[in-house]
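Below is one structure, written out as structure tokens, with a few remarks after it.
The values are calculated or read from the model by the stated rules, or taken from the named source; none is laboratory data. Computed from a predicted structure; not experimentally measured. Quick reminder, even Gly has a Cβ in these numbers, built from the backbone with ideal geometry, and neighbours come from all protein chains shown.
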Amino acid sequence: MTTAAEVLARCAELDRYSAHPTHLERVYLSPQHAAANAAVADWMEKAGLRTWQDAAGNQLGRREGREPGLPALLIGSHLDTVPDAGSYDGMLGVVMAVAVVERLGDRIADLPFAVEVVGFSDEEGTRFGTALMGSRAAAGTWDEDWWELRDKSGTTLYSAFRDFGLDPRRVGEAARRPEELVGYLEAHIEQGPYLEAADASLGHVTTIAGARRFKLSVVGEARHAGGTPYPRRRDALVGAAEAITTIERLARASDCIATVGRIEVMPGAVNVIPGRADFSLDLRAESDQERDAMWEAMSAEIERACASRRLELRVVETHRAPSMRCAPWLTDAVVQGIRATGDADPMGLWSRAGHDGMAIGAVTDIAMLFVRCFDGISHHPAEAVREVDVAAGLDALEHAVLAIAKGMA
Ligand SMILES: [Zn+2]
């Protein structure tokens, strides 16, 4: 039986399927994607699953329940990575799912559902800039406009599909119907410090936050840096600086999280007062209502501050995703699973990061189990999880699957 130590070893083994010898990067429809799928399929078969790769490059395995053809409980995560990634974001959830199926063994034949394990092919969006393509295909929300997306080398998604041996015209075959699925369960490293701070191995997820992103432009007037006295200056960068500290102050005083990740100043000369500053804002919260109320408060205050400096504020919303709520009945099973590990009062937390559940949640109920990670570090080679936490996670997932079956009986 696959132990927690072996789960960690398998995650490390997948590191070898990387585009670079010295650091991990595995992107959608690459040779490394194919190799990782093959390795995972091999583990799946050893765990008694029948395997296939779907029409969007997702790796799947299935074991039938008490009769063939029952709707499936889908358990998994993703196998693609960011550039210079750690070994666990995504992979841990896939490898744990395989291990849990192996632990359940012949007991699956008594369950009122089939069990499927999935390794989604594209969650991070590293290659084509659009995230969640694997799970969007499985959810039947594939976007036909994506075919013309290009990677850094100019290869379109359409050609990458063909190079990988997939037929773009058949991508719709990856879509699952709601009646084929019982729900989707994902284990994932927390990618934050809250479980560690609470000294907890595991947590359950309440919602997956949906971000709103904006491009804000503060427009003033570019003039001579020496010759223009303060009362006559309309310095766009000072206005933007004030806006950025306002964003941080308001977000800090709330449960929202806001980030300004880039700024561009025009004309960008040492001896010219900035005439314009463009900056980004990424805003997340547990619920869309909280997030939207925070944006209203931020934009009103920034607008007032700009007006008092005779600056113009322009706002373009560049991205908006709704948050995805984990289903209470499925989360209840995860909570029972965590309790079975000896944690009497499992911690619930909202996911600040996006996950495949946001996409697959369009066709089935979802729930997530978070596993503590070292120092909240993720999207970085220093990503680390403890064996004892993975062991607890395997116990929790196994109990959760049995709790789901009990609830359906
Ligand atoms: Zn992930």
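Here are the numbers:
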item: Count of residues meeting criterion [under 12 Å from Leu92 (Cα atoms), within 15 Å of the ligand (Cβ to nearest atom), outside any loop (DSSP other than H, G, I, E, B) and not aliphatic (A, V, I, L, M)] in the range 354-392; result: 1
item: Residues of the range 42-90 classified as in contact with a His (Cβ under 8 Å, 6 or more places away or on another chain) and buried (at least 19 other Cβ atoms within 10 Å of the Cβ), total; result: 9
item: Any hit, the range 186-199, residues being farther than 30 Å from Gly275 by Cβ, touching a Ser or Thr at 6+ places or on another chain (Cβ under 6 Å), at pLDDT below 95 and outside any strand (DSSP E or B); result: no
item: Per-region count, the range 85-115, residues free of Cβ contacts under 8 Å to residues at least 60 places away in the same chain and either on the phi > 0 side of the Ramachandran plot or within 27 Å of the chain's Cα centre (by Cα) (or both); result: 4
item: Test for Met347: is it away from the ligand (no atom under 16 Å from the Cβ), at pLDDT 95 or above and surrounded by fewer than 24 Cβ atoms within 10 Å (Cβ to Cβ); result: yes
item: From the options Val316, Val385, residue that is in contact (Cβ under 8 Å) with a residue 60 or more places away in the chain, surrounded by fewer than 24 Cβ atoms within 10 Å (Cβ to Cβ) and within 17 Å of Tyr194 (Cβ to Cβ); result: Val385
item: Condition check for Ala34: out of contact with any helix residue (DSSP H, G or I) (no Cβ under 9 Å at 6 or more places or on another chain), among the small types (Gly, Ala, Ser) and without any contact (Cβ under 8 Å) to a residue 60 or more places away in the chain; result: no
item: Sole residue being surrounded by 17 or more Cβ atoms within 10 Å (Cβ to Cβ) and of a type in the set (Gly, Ala, Ser), chosen from Ala333, Ala297, Ala307, Ala340; result: Ala333
item: Test for Leu283: is it of a type outside the set (Gly, Ala, Ser) and outside any helix (DSSP H, G or I); result: yes
item: Strands (runs of 3 or more DSSP E) within the range 24-143 that include 1 or more residues within 16 Å of the ligand (Cβ to nearest atom) and either closer than 30 Å to His380 by Cα or polar (S, T, N, Q) (or both); result: 59-63, 72-78, 114-120
item: Any pair with Cβ under 7 angstrom, 6 or more apart, that starts in the range 292-311 at a residue that is touching a residue at least 40 places away in the same chain (Cβ under 8 Å) and on the phi < 0 side of the Ramachandran plot and ends at one that is surrounded by 14 or more Cβ atoms within 10 Å (Cβ to Cβ) and of a type in the set (Lys, Arg); result: Trp295/Arg212; Arg309/Arg234; Leu311/Arg234
item: Of all residues making up the range 2-58, the number that are among the charged types (D, E, K, R) and either within 21 Å of Arg150 (Cα to Cα) or within 23 Å of the chain's Cα centre (by Cα) (or both); result: 7
item: Search result, residues across the range 229-240 that are in contact (Cβ under 8 Å) with a residue 24 or more places away in the chain, in a helix (DSSP H, G or I) and not β-branched (Val, Ile, Thr); result: Ala236, Leu237, Gly239, Ala240
item: Out of Gly183, Gly210, Gly203, sole residue that is within 16 Å of the ligand (Cβ to nearest atom) and buried (at least 21 other Cβ atoms within 10 Å of the Cβ); result: Gly203
item: Some residue of the range 245-255 being touching a residue at least 60 places away in the same chain (Cβ under 8 Å), outside any loop (DSSP other than H, G, I, E, B) and aliphatic (A, V, I, L, M); result: no
item: Matching residues, the range 213-260, being out of contact with any Lys or Arg (no Cβ under 8 Å at 6 or more places or on another chain), closer than 21 Å to Glu290 by Cα and not β-branched (Val, Ile, Thr); result: Phe214, Lys215, Ala243, Glu248, Arg249, Leu250, Ala251, Arg252, Ala253, Ser254, Asp255
item: Residue that is farthest from Arg309 (Cα to Cα) [pool: residues in the range 256-270 that are part of a loop (DSSP other than H, G, I, E, B) and of a type in the set (Gly, Ala, Ser)]; result: Gly261
item: Close pairs (6 angstrom Cβ cut-off, 6 or more residues apart or separate chains): aromatic (Phe, Trp, Tyr) in the range 187-199, away from the ligand (no atom under 12 Å from the Cβ) anywhere; result: Tyr194/Leu349
item: The range 9-23, residues that are surrounded by 20 or more Cβ atoms within 10 Å (Cβ to Cβ) and assigned to a helix (DSSP H, G or I); result: Arg10, Cys11, Leu14
item: Residue list for the range 145-164, filter: out of contact with any Phe, Trp or Tyr (no Cβ under 9 Å at 6 or more places or on another chain) and touching a residue at least 60 places away in the same chain (Cβ under 8 Å); result: Asp163
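Each row is one residue, and each column tells you yes or no for (1) within 17 Å of the chain's Cα centre (by Cα); (2) surrounded by fewer than 18 Cβ atoms within 10 Å (Cβ to Cβ); (3) hydroxyl-bearing (Ser, Thr, Tyr).
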position: Phe120; (1), (2), (3): yes, no, no
position: Gly129; (1), (2), (3): yes, yes, no
position: Gly134; (1), (2), (3): yes, no, no
position: Arg150; (1), (2), (3): no, yes, no
position: Ser153; (1), (2), (3): no, yes, yes
position: Leu157; (1), (2), (3): no, no, no
